[in-house]
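The values are calculated or read from the model by the stated rules, or taken from the named source; none is laboratory data. Note that the coordinates shown come from a computational prediction; the quantities given were computed from them, not determined experimentally. Note that each Cβ is placed from the backbone with ideal geometry, even for glycine, and that neighbours are counted across all protein chains shown.
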Amino acid sequence: MADTATLARIPDNVPADRVIDFDMFNPFTRETDFHKAWVGLRMDTPQDLVWTPHNEGHWLALSPDLIAQVFGDAERFSSRIVMVPKSTAGETYSNFIPLSLPPTTHRPYRKLLNDKLYSAAINPSEPDVRALCAELIDAFADKKRCDFVTEFAQQLPLRVFMRLVDLPVSDLPRLKQIASQFTQPDGSMTPEEAGEAFKDYLLPVLDARRGSGRKDLLTHIADGMIRGRAITEAEAINLASQAMVGGLDTVVNLMGFAMQMLARHPEVQARIVAKPAIIPAVVSELLRRLPVVSDAREIIADTVVDGCTLKAGDMIVAPTAVYSLDPKTNPDWMTFDIDRKGVHYLTFGTGYHTCPGQFLARMEMRVLLEEWFKRIPAFRLAPDQEIRHIGGVVGGTRPYILEWD
Ligand code: HEM
């Protein structure tokens with residue numbers, strides 16, 4: 001087991017045979033692939049529920065049924081805190097809404113996001129997304145190679161998000177750095193500092209937007225009404241911060257994984273070129289095979305799960321990767337199979353916190369593939385490079401090179 005100074009003491013309610021050595025921020029002890037690291041843990045572990053002393057000590061749900069319950073059963077599993085370590089990132093993030101809110105108060109805040117993120121609001125932006133996508137690909141298509149993460153994945157979704165909130169692209173590096181401290185911390189700021197940094201940035205922006213008549217998401221939040229009263233300044237900051245973290249990390253990372261997967265499957269590339277109409281099915285299978293989020297919940301009151309007593313205040317992590325990469329959910333679960341019948345995944349969560357950004361995320365993925373294959377019909381991973389993945393609340397990949405003829 002790792003350096004004992006950083007490990008939590010095993011509490012009395014944790015049976016010895018449930019203790020494992022797994023750090024979700026660095027799951028690469030045997031596997032360098034993010035998804036295989038989670039699946040490896042599942043395959044090596046006979047129980048559906050285990051406990052790790054890393055990250056202040058927390059439970060880990062490892063069966064599809066239990067993962068779905070953790071996301072879906074708000075009476076037992078509270079979203080007040082959705083991240084480990086609980087006392088640092090978890091507590092700071094617990095200010096952010098609507099994810100931290102219970103079903104009783106969640107709806108009016110969530111509605112403000114839905115108004116701007118559901119399909120009807122997102123669909124009209126597709127031509128703009130397509131034009132930006134084409135511009136980014138055209139910038140490197142003739143070079144016959146690209147650093148996909150840096151030159152594309154960190155560009156398209158982030159720039160689209162900045163249009164949604166109507167903020168200058170020049171502010172992106174700062175906002176992305178703050179958002180990443182919650183999902184893939186690099187030690188440059190504490191979670192508290194990151195929370196403060198969001199506040200410092202957003203407060204003047206939201207003040208200026210209030211009553212401005214602009215059409216963007218931040219203006220909509222600043223002007224929001226909550227059960228007949230104006231949203232408070234603090235609520236607006238916390239709602240906007242949540243949208244930032246949700247929107248700034250996830251699509252980038254999914255795209256990074258997706259193009260690695262497609263690069264390893266020339267037969268799928270050929271099928272897309274021959275019949276672009278299959279792209280939605282390809283996106284669906286990419287979402288199933290490559291989930292990125294491992295959120296947590298806080299136990300509300302002592303409860304028995306899989307024969308163990310979980311104490312009020314304990315944390316339980318529910319990895320969405322383990323949900324869809326399991327034989328009970330999808331036969332032949334590790335195979336990337338675009339002809340799969342019945343594709344089951346929780347990549348966007350489930351229950352009343354199910355991701356409101358999923359329509360935008362799916363559209364961006366589809367448009368990427370549509371525009372990419374018009375220009376680059378066949379591509380591969382450049383040889384002799386080390387592919388390195390990153391663990392965390394949102395898993396991802398470090399930059400890598402794609403090349404084509
Ligand atoms: C591939 C891309 C994405 C993935 C995989 C993803 C995944 C998720 C998941 C799993 C949840 C549920 C969290 C939980 O219950 O603990 C969630 C919630 C959320 N996501 Fe996403 N997301 C993506 C894109 C986006 C985008 C683009 C936005 C914003 C523009 C966004 C904003 C949010 C927000 C605000 C919530 C909280 C919703 C609530 O509490 O009701 N997400 N997302």
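Overview of results
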{"read-out": "Condition met for Q242 (at pLDDT below 95, more than 16 Å from the ligand (Cβ to nearest atom) and either touching a Pro at 6+ places or on another chain (Cβ under 7 Å) or in a helix (DSSP H, G or I) (or both))", "value": "no"}
{"read-out": "The listed residue being buried (at least 21 other Cβ atoms within 10 Å of the Cβ) and among the hydroxyl-bearing types (S, T, Y), out of S284, S170, S180", "value": "S180"}
{"read-out": "Lone unmet requirement of (1) more than 21 Å from R264 (Cα to Cα); (2) at pLDDT 95 or above for E403", "value": "(1)"}
{"read-out": "Residue among F71, F77 that is buried (at least 16 other Cβ atoms within 10 Å of the Cβ), more than 19 Å from the chain's Cα centre (by Cα) and within 11 Å of the ligand (Cβ to nearest atom)", "value": "F77"}
{"read-out": "In region 245-280, the residues that are among the charged types (D, E, K, R), assigned to a helix (DSSP H, G or I) and away from the ligand (no atom under 14 Å from the Cβ)", "value": "E267, R271"}
{"read-out": "Every residue from region 137-151 that is away from the ligand (no atom under 15 Å from the Cβ) and within 23 Å of the chain's Cα centre (by Cα)", "value": "D147, F148, T150, E151"}
{"read-out": "Region 281-292, residues that are part of a helix (DSSP H, G or I), within 20 Å of A37 (Cβ to Cβ) and either away from the ligand (no atom under 12 Å from the Cβ) or in contact with a Phe, Trp or Tyr (Cβ under 7 Å, 6 or more places away or on another chain) (or both)", "value": "L287, R288, R289"}
{"read-out": "Condition met for P85 (under 15 Å from V317 (Cα atoms), out of contact with any Ser or Thr (no Cβ under 7 Å at 6 or more places or on another chain) and in contact (Cβ under 8 Å) with a residue 12 or more places away in the chain)", "value": "yes"}
{"read-out": "Residue list for region 112-134, filter: of a type outside the set (V, I, T), within 12 Å of the ligand (Cβ to nearest atom) and either loosely packed, with under 15 Cβ neighbours inside 10 Å or in contact (Cβ under 8 Å) with a residue 12 or more places away in the chain (or both)", "value": "L112, L113, N114, K116, L117, Y118, S125"}
{"read-out": "Residue match in region 228-238 (condition: surrounded by 16 or more Cβ atoms within 10 Å (Cβ to Cβ), assigned to a helix (DSSP H, G or I), among the aliphatic types (A, V, I, L, M) and in contact with a Leu (Cβ under 8 Å, 6 or more places away or on another chain))", "value": "yes"}
{"read-out": "Residue within region 170-181 that is touching a Phe, Trp or Tyr at 6+ places or on another chain (Cβ under 8 Å), part of a helix (DSSP H, G or I) and over 30 Å from D23 (Cβ atoms) present", "value": "yes"}
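For every residue, the table says whether it meets (1) closer than 29 Å to G256 by Cα; (2) touching a residue at least 40 places away in the same chain (Cβ under 8 Å); (3) among the polar types (S, T, N, Q); (4) not in a helix (DSSP H, G or I).
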{"position": "D23", "(1), (2), (3), (4)": "yes, yes, no, yes"}
{"position": "P27", "(1), (2), (3), (4)": "yes, yes, no, yes"}
{"position": "R30", "(1), (2), (3), (4)": "yes, no, no, yes"}
{"position": "R42", "(1), (2), (3), (4)": "yes, yes, no, no"}
{"position": "Q47", "(1), (2), (3), (4)": "no, yes, yes, yes"}
{"position": "H54", "(1), (2), (3), (4)": "yes, yes, no, yes"}
{"position": "L60", "(1), (2), (3), (4)": "yes, yes, no, yes"}
{"position": "L66", "(1), (2), (3), (4)": "yes, yes, no, no"}
